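One structure is given below, encoded as structure tokens.
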Amino acid sequence: MSRAIFHAMAAITAMFATFPPAYADDAAAIVKRGQSATALVQATVGMKRVSGTAFCIDPAGYFVTNDHVASFGASDGKVTLVLNSGEKDQSSVDATVLRSDKDSDLAILKITGKTPALTALELGTTDELVETQTLTAFGYPFGAALSETSDELPAVSVSVGRITSLRKLKGVLQHVQLDASLNPGNSGGPVLDSTGKVVGIVQSGVPGAALNFAIPVSRLTTLLERPDISFTPPAILFARRSEQVEFVIN
């Protein structure tokens, strides 16, 4: 290779090093959106403070987390969501467990009272997921334990990892296995693909083994689409048992 060609190649390389690919800006925007949409879940069980992660799916105040996280507030069905934890605009809101499903280990939370401005994440699909694909997970590992001081709350953690297995049962996806760094407290956090869409919800892991599992977003979609009917029959006096009674189903 002549010296002139060598210098030309070096100049081109330097130019691309100076101007990073456009997707770098997209990746930064996706991370920022994921951080804004992810909340720290807190609840008090007896004398103990427990925590997990949730994320917003609708700016009207709807969040998703694990059923085992939502069950922290099982006594009264209420939890606290800390928005923008660790930031200057940190705030806390009360939420109620609107719907939960133990089989899928998913729960829907709804903010009670006035709903602040929220960033919501779009739900994606698991149809195109493949092993070795890079995904990004958001959450609060070890809850408040990573706080800078004892009277503060931590900022959200962002972990990047690859799909190491798509765990299936009779051809149906059950879990997305990841090698991302996830720990207790990450449960309920969103897992995003390269377009910023939710493809999974962090559920569990094997400590020290770099094996972590996310619930495929398809299960969340099924839960959201499935009708949820609640019915509380009114008390009927024996003497009025033959009279017509109006029943209301919500």
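The values are calculated or read from the model by the stated rules, or taken from the named source; none is laboratory data. A quick note: this is a predicted structure, and the numbers were derived from the prediction, not measured. As a convention, Cβ positions derive from the backbone with ideal geometry for all residues, glycine included, and neighbour counts pool all protein chains shown. Keep in mind that these areas ignore ligands, DNA and RNA; they rest on the heavy atoms of the full protein, side chains included. Shrake-Rupley method; radii C 1.70, N 1.55, O 1.52, S 1.80 Å.
For the pair residue 76 and residue 148 in one chain, pulling the backbone fully straight at 0.36 nm per residue adds 22.8 nm over the alpha carbon distance. Could you give the nm distance between label points at residue 115 and residue 226, where each point is 7 Å from its Cα heading toward the beta carbon? Placing both labels 7 Å along Cα→Cβ, they lie 2.3 nm apart. One equal scatterer on each Cα of the stretch 29-165, no solvent, Debye formula: the resulting log10 I(q)/I(0) at q = 0.16 Å⁻¹ is -0.85. If r is the Cβ-Cβ distance from residue 236 to residue 49 and R0 is 41 Å, what FRET efficiency results, to the nearest 0.05? Result of the calculation: an efficiency of 0.40. For the residues 164, 96, 132, a 1.4 Å probe over the protein chains yields an accessible-area ranking, largest first, of 132, 164, 96.
The eigenvalues of the Cα gyration tensor, multiplied by 5 and square-rooted, give the stretch 132-247 an equivalent ellipsoid with semi-axes of 41, 22, 12 Å from largest to smallest.
Placing a label point 7 Å from the Cα of residue 132 along the Cα-to-Cβ line, the residues of the stretch 157-180 whose backbone N sits under 20 Å from it are 160-168, 176-180. Placing a label point 7 Å from the Cα of residue 89 along the Cα-to-Cβ direction, the residues of the stretch 120-149 whose backbone N falls under 13 Å from that point are 120. Across the stretch 101-163, counting alpha-carbon atoms alone, Rg and Dmax equal 16.1, 44 Å. Between residue 194 and residue 181, the simple spin-label model (points 7 angstrom out along Cα→Cβ) gives 2.4 nm.
With the alpha-carbon atoms of the stretch 52-118 aligned to their principal axes, the span from lowest to highest coordinate is 37, 21, 20 Å, starting with the largest. Of the trypsin sites (Lys or Arg not before Pro) found in the stretch 116-179, those in coil by DSSP whose Cβ has at most 10 other Cβ atoms within 10 Å are 170. With 27 Å as the limit, the listed pairs 48/197; 48/110; 110/197 have 48/197 beyond it between alpha carbons. The lysines whose alpha-carbon is closer than 25 Å to the alpha-carbon of residue 114, local same-chain residues fewer than 8 away aside, are 32, 78, 88. Peptide packing for 144-151, 174-181, 65-72 was compared via the average number of neighbouring C-beta atoms within 10 Å per residue; ordered from the highest value, the list is 65-72, 174-181, 144-151.
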